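J.: Starting off with a structure, shown below.
The values are calculated or read from the model by the stated rules, or taken from the named source; none is laboratory data. If you're wondering where the values come from, they're calculated on a predicted model, not measured in any experiment. So basically every Cβ, Gly included, is an ideal-geometry build from the backbone, and we count neighbours across all protein chains shown. Remember, those area values only see protein heavy atoms, side chains included, never the ligands or the DNA or RNA. Shrake-Rupley method; radii C 1.70, N 1.55, O 1.52, S 1.80 Å.
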Amino acid sequence: MIALLSRQIARLLDASSGWRGSVLQVLPTSIRSCACRCHQTTSAVHLSKAVNGPDQSFSGGLEETTRHSRSGSTTSEVPPPSLAARFVESCPLYVRPYLRLTRVDKPIGSWLLFWPGAWSIALAAWPGHLPDIKMLCLFGAGAFLMRGAGCIVNDLWDSDIDGRVARTATRPLPSGQVSKEVAVSLVGVHGLAALPILLSLNTYSILLGLASIVPTLMYPYMKRITNWPQAYLGIDISRRTWMFSGVG
């Protein structure tokens, strides 16, 4: 699905070089990288058609792409780092592993937790009135804290596997930048920081919030028994709308 979407985006980039940077900026990192690779391959194929003719375009395009990739002289634009990633890089070296452990440099998970609640808070507002700003801020802080705790729990579950996978080997836990003891302590710190936010809600929302802890902690286990762990995670996140609707 991502590959198909990336090919379509690559065609859009090829036809809209004037605002290519703006298109890339709003895409998630995985799709941005894949789209750039597709765009690079498409550009090489077009160049090969112009030089060698249509019969040699496929092999010539692949050779051109390989040559450019190996030499590092590709002309495709490299997606710029996000604001969150630049913030993490600007922090002191001894702080960065802890920020990366809680995925501060990748805030998409916090947004995924926040938006269902923000939607419910907006629906609970009186007609013609803005949503409760205080409640939006509380749920924003809660989403950030609980997403950080969830990422730490996920890495603790997968610490024996992440070190053998290229994509995750550099994470703070498998690379040894953060110990398991410190990671467990950070889970407790995040939970204690989020507890006053939960207790400020009504009884209905408090009970639903407490009931959601165990299903959330089960997400890493789902990766071991099903090929659809993200579907489980999506259902778990969507259940937050029940809790958020209780504030109205």
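J.: For labels at Cys91 and Thr226 in the simple 7 Å Cα→Cβ model, what's the distance in nm?
T.: Label-label distance for Cys91 and Thr226, simple model: 3.2 nm.
J.: While we're here: Only Lys, Arg, Asp and Glu count, each charged at its Cβ (+1, +1, -1, -1), so figure out the dipole size of the range 140-201 about its Cα centre, rounded to 20 debye.
T.: 140 debye
J.: Compute, for Val78, the solvent-accessible surface of its heavy atoms (probe 1.4 Å) with the complete set of protein chains present, and express it in square angstrom to the nearest 10.
T.: Probe radius 1.4 Å; accessible area of Val78 about 120 Å².
J.: Now a separate question. Please work out the Cα center distance from the range 87-119 to the range 164-184, rounded to the nearest Å.
T.: Using only Cα atoms, the two centres lie 16 Å from each other.
J.: Also: Ignoring ligands, DNA and RNA, what percent of the 1.4 Å accessible area of the range 117-248 is carbon and sulfur?
T.: Ligands and nucleic acids excluded, carbon and sulfur give 69 percent.
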